[in-house]
Amino acid sequence: MLIDVALPLPLFRDFTYECDVPVAAGARVVVPLRGSRVIGICLGPHTGTLSVAARKVLEVPDAEPAFAPHMLALCRWIAEYYVVPLGLVVRSALPAALLGADAPRPAPKVQRVARIGRELPSLLERDALFARAKRQREVFELIEGLGGRTPIPHLQNQLGVSASVLRALVKRGLIEIDEDVIERDPFATRPSDATRHAPTPAQTAAIDALIAGKPGEVFLLHGVTGSGKTLVYVEFLRQVIENRGQTAIVLVPEIALTPQTVDRFRAAFGDRVAVLHSALSDGERSDAWLALKSGRKRIAVGARSAVFAPLDNLGAIIVDEEHEGTYKQGESPRYHAREVAIVRARLQGAVTVLGSATPSLESWSNASTGKYRLLSLPDRVGGGRLPHVSVLDMRRPLDAPPTSPILPPLETALAETLARGEQSILLLNRRGYAAFVQCGACGDVAVCPNCSISLTDHRTPPRLVCHYCLHEEPPRETCVRCGGRTLRRRGLGTQQVERLLAERFPSARIARMDVDTTTGKWAHAEILDRVGRGEVDMLLGTQMIAKGLDFPNVTLVGVIDADVGINLPDFRASERCFQLLSQVAGRAGRALKPGRVFIQTRLPSHHAVKCAITHDYASFVREEICGRQTPPYPPTIRLANVVFSGTDEHTTARFAEESTAWLARAPADVRIIGPAPCPIERIKGRWRWHAVLKAENPAELTRLGLYFMRRIKVPATGQLRVTFDRDPVALL
């Protein structure tokens with residue numbers, strides 16, 4: 001039989017092969033391609049005719065398809081909506097371990113286990129057998145006392161049993177050594193709090209509404225920070241998992257949030273929870289994927305890619321902090337996990353819950369028009385109140401002497417909080433020591449040789465780093481342009497603030513949490529666990545500390561510089577600033593102790609700052625929407641960003657101009673803006689131009705995108721590429 005196969009290649013086509021055995025749609029197949037073996041996914045029987053003989057499938061490695069029909073349908077939707085080859089979508093939806101060229105899955109993790117091989121009920125028999133082997137008797141009876149079987153690593157490492165004693169017992173037939181397959185679950189040993197809290201009336205109303213939700217219905221759960229959205233999720237899932245016997249997916253925006261989220265759901269659902277995210281090893285991810293597919297686990301918790309968890313009988317998908325830009329995939333396929341979750345839930349008849357204290361304008365607009373159903377949690381639970389927010393104006397006359405990055409009111413509050421034995425969180429959304437290094441004589445700035453951005457100064461270890469391409473070079477002692485030796489560090493980074501805090505508060509236990517301190521596999525969890533145990537007085541970090549964290553003893557939050565990113569040339573800059581300020585402010589005063597927030601800014605009258613101060617989401621939306629109408633930007637209109645890139649500046653510009661002119665001739669009700677250089681015009685040695693497509697009807701964008709991407713001819717010179725980014729979260 002002839003079958004169509006999707007292969008993980010950047011080509012808008014399927015491949016046809018001949019298979020000698022029946023194979024179901026969704027099954028993995030190993031096929032020959034250009035002299036090598038490649039894994040693809042069977043899409044079903046081929047219905048057309050072939051002009052040449054089809055090559056044969058080499059192997060069908062699985063007894064059951066890797067993709068259920070609804071998952072294949074979801075992948076097809078992603079491929080069409082986001083204008084990307086189906087094979088690339090399939091590649092993203094499977095664990096990397098299942099896409100290896102030689103087909104077999106990762107070998108299972110096994111553990112050697114000692115078990116009693118011969119019963120010795122008689123005391124006299126034991127005395128005779130172990131007359132000259134006292135240690136053997138001790139170990140034999142130890143294994144008996146541990147239930148008749150126990151892992152050998154436990155015997156050797158924790159109980160001090162030697163290998164020679166075990167070998168002697170095996171030789172005498174008294175014990176046997178088996179191998180048990182064990183699941184690689186890195187979260188299995190994390191502690192969990194099994195305390196079950198009673199819902200408030202507002203939470204009860206939200207839970208009841210979700211339970212009564214119709215298949216495919218989408219709810220927007222808008223709750224202020226600390227209002228107990230997680231409890232609503234858990235109680236809703238109790239109904240889904242325990243009463244209905246269904247499965248569920250819980251998405252979180254950051255890997256840093258995963259340990260706390262897993263702890264909360266494992267407290268409620270035990271080992272029925274599996275974790276999927278990119279920090280896991282191939283084996284750990286494969287084990288979690290197989291446990292979900294087999295039904296041993298019924299709840300998948302993880303970041304963006306967990307939306308593809310292999311669950312049947314799906315009852316709910318929860319997207320926590322749904323406004324976060326990290327739900328958008330940064331490379332092909334450039335899907336948004338929130339939108340994929342909604343489509344998947346609709347395909348499987350599940351309920352979608354989008355939760356946030358600061359919903360995206362798109363979700364809020366959909367709730368306002370009735371497309372989503374709005375649920376509200378207007379108050380904090382447990383007697384907590386929203387923190388009092390103060391603005392500290394950082395503006396000063398040009399001739400004024402330099403001041404400390406931590407203004408006196410915030411410094412005083414930090415000292416008072418430390419004296420009370422309470423904890424503080426400090427946000428600065430810029431890592432490194434200084435934003436850039438500038439010559440005091442000629443003004444030259446150290447820039448990346450591969451990207452159109454300045455190099456960031458780092459102190460630990462000392463180096464200049466590009467945060468886009470990761471180019472590094474030693475600190476400069478002289479200016480490369482004029483040879484001057486007066487090099488000044490400009491701007492502020494988390495490393496510099498950490499040093500200042502250590503100088504001002506020598507007794508304080510300070511932890512810094514940014515990309516530089518969380519490169520280790522469990523670094524996020526280790527830092528946050530220390531905060532939870534009270535071993536940290538001040539937690540300093542970038543945006544990864546701004547959301548989802550719940551520490552009752554945190555009573556003070558300080559924003560070192562609220563203006564970072566607020567004036568970026570991007571239509572979402574103000575929205576991201578408001579969300580970040582609101583979210584980090586919500587980390588303070590989440591229990592009975594009152595919270596305080598200090599926001600340092602040079603733009604105290606900016607609407608994003610003013611609305612964050614008063615916790616007024618509705619006012620922010622009203623003002624922000626007005627700015628999205630003329631010129632129109634989402635949610636007023638639908639958007640796509642077509643990016644042209646290449647290694648030669650002039651070749652890239654010409655390719656962008658010719659391609660955009662070709663686009664403009666296509667028959668579609670789409671407005672085309674550009675082409676123009678991207679705001680960051682060079683990244684990783686590649687020059688970048690873009691054209692922005694705007695349409696009121698999303699179907700028009702789909703039609704034009706598919707027409708363009710399937711027909712565009714990319715010249716072979718200059719390593720040219722073109723990407724189509726549907727519903728971009730940024731235009732930089």
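The values are calculated or read from the model by the stated rules, or taken from the named source; none is laboratory data. Since this is a predicted model, take the numbers as computed values, not measurements. Here the Cβ is made from the backbone with ideal geometry for all residues, glycine too, and neighbour counts use every protein chain on show.
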| query | Out of L549, L464, which single residue is in a strand (DSSP E or B), among the aliphatic types (A, V, I, L, M) and buried (at least 18 other Cβ atoms within 10 Å of the Cβ)? | reply | L464
| note | Those residues of the stretch 588-608 which are surrounded by 23 or more Cβ atoms within 10 Å (Cβ to Cβ) and of a type in the set (A, V, I, L, M) amount to A588, V597, I599, A608
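For (1) at pLDDT 95 or above; (2) of a type outside the set (S, T, Y), each residue gets a yes or a no:
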{"residue": "L347", "(1), (2)": "yes, yes"}
{"residue": "T352", "(1), (2)": "yes, no"}
{"residue": "P359", "(1), (2)": "yes, yes"}
{"residue": "P378", "(1), (2)": "no, yes"}
{"residue": "G382", "(1), (2)": "no, yes"}
{"residue": "R385", "(1), (2)": "no, yes"}
| Here are some conditions: (1) part of a loop (DSSP other than H, G, I, E, B); (2) at pLDDT 90 or above. K521 meets all but one. Which one does it not meet? | (2)
| request: Examine the stretch 649-658 for a residue that is over 18 Å from D727 (Cα atoms), of a type in the set (V, I, T) and part of a strand (DSSP E or B), and state whether such a residue exists. | output: no
| request: Go over the candidates R622, R587 one by one and state the one that is without any contact (Cβ under 8 Å) to a residue 12 or more places away in the chain and not β-branched (V, I, T). | output: R622
| task | Tell me, yes or no, whether the stretch 480-488 has at least one residue that is assigned by TED's automatic domain parsing to the domain that holds T542, touching a Ser or Thr at 6+ places or on another chain (Cβ under 8 Å), not in a loop (DSSP other than H, G, I, E, B) and not hydroxyl-bearing (S, T, Y). | result | no
| said: For the structure I just gave you, tell me whether V90 is in contact with a helix residue (DSSP H, G or I) (Cβ under 8 Å, 6 or more places away or on another chain), part of a loop (DSSP other than H, G, I, E, B) and not assigned by TED's automatic domain parsing to the domain that holds A309. | reply: no
| field | Residue count for the stretch 217-241, restricted to those that are touching a Leu at 6+ places or on another chain (Cβ under 6 Å) and modelled with pLDDT of 95 or more | value | 4
| field | Residue check, S424 crowded, with 17+ Cβ neighbours inside 10 Å, of a type in the set (G, A, S) and at negative phi | value | yes
| message | When you scan the stretch 442-460, do you find a residue that is within 26 Å of the chain's Cα centre (by Cα), charged (D, E, K, R) and part of a strand (DSSP E or B), even just one? | response | no
| remark: All-but-one check, T16 against (1) surrounded by 21 or more Cβ atoms within 10 Å (Cβ to Cβ); (2) among the hydroxyl-bearing types (S, T, Y); (3) under 26 Å from F708 (Cβ atoms); (4) out of contact with any Ser or Thr (no Cβ under 8 Å at 6 or more places or on another chain), failing number (1)
| field | Criterion violated by E125 - all others in (1) charged (D, E, K, R); (2) in contact with a Pro (Cβ under 9 Å, 6 or more places away or on another chain); (3) over 30 Å from K328 (Cα atoms) satisfied | value | (2)
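Can you say whether A585 is in contact with a Gly (Cβ under 9 Å, 6 or more places away or on another chain), surrounded by fewer than 19 Cβ atoms within 10 Å (Cβ to Cβ) and either among the small types (G, A, S) or closer than 30 Å to N366 by Cβ (or both), as far as the supplied structure shows?
Criteria not met by A585.
Residue-wise test of (1) surrounded by fewer than 23 Cβ atoms within 10 Å (Cβ to Cβ); (2) touching an Asp or Glu at 6+ places or on another chain (Cβ under 9 Å); (3) part of a helix (DSSP H, G or I); (4) modelled with pLDDT of 85 or more.
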| site | (1), (2), (3), (4) |
| --- | --- |
| V250 | no, yes, no, yes |
| G283 | yes, no, yes, no |
| D287 | no, yes, yes, no |
| K293 | yes, yes, yes, yes |
| K297 | no, yes, no, yes |
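Looking at the stretch 168-192, which of its residues are in a loop (DSSP other than H, G, I, E, B) and either at pLDDT below 65 or not small (G, A, S) (or both)?
Residues satisfying the conditions are R172, L174, E183, R184, D185, P186, F187, A188, T189, R190, P191, S192.
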| Residues located in the stretch 507-524, provided they are touching a residue at least 40 places away in the same chain (Cβ under 8 Å) and closer than 24 Å to L470 by Cβ | M513, D514, V515, D516, T518, K521, W522, H524
| Search result, residues across the stretch 1-33 that are part of a strand (DSSP E or B), out of contact with any Gly (no Cβ under 7 Å at 6 or more places or on another chain) and in contact (Cβ under 8 Å) with a residue 60 or more places away in the chain | R28, V30
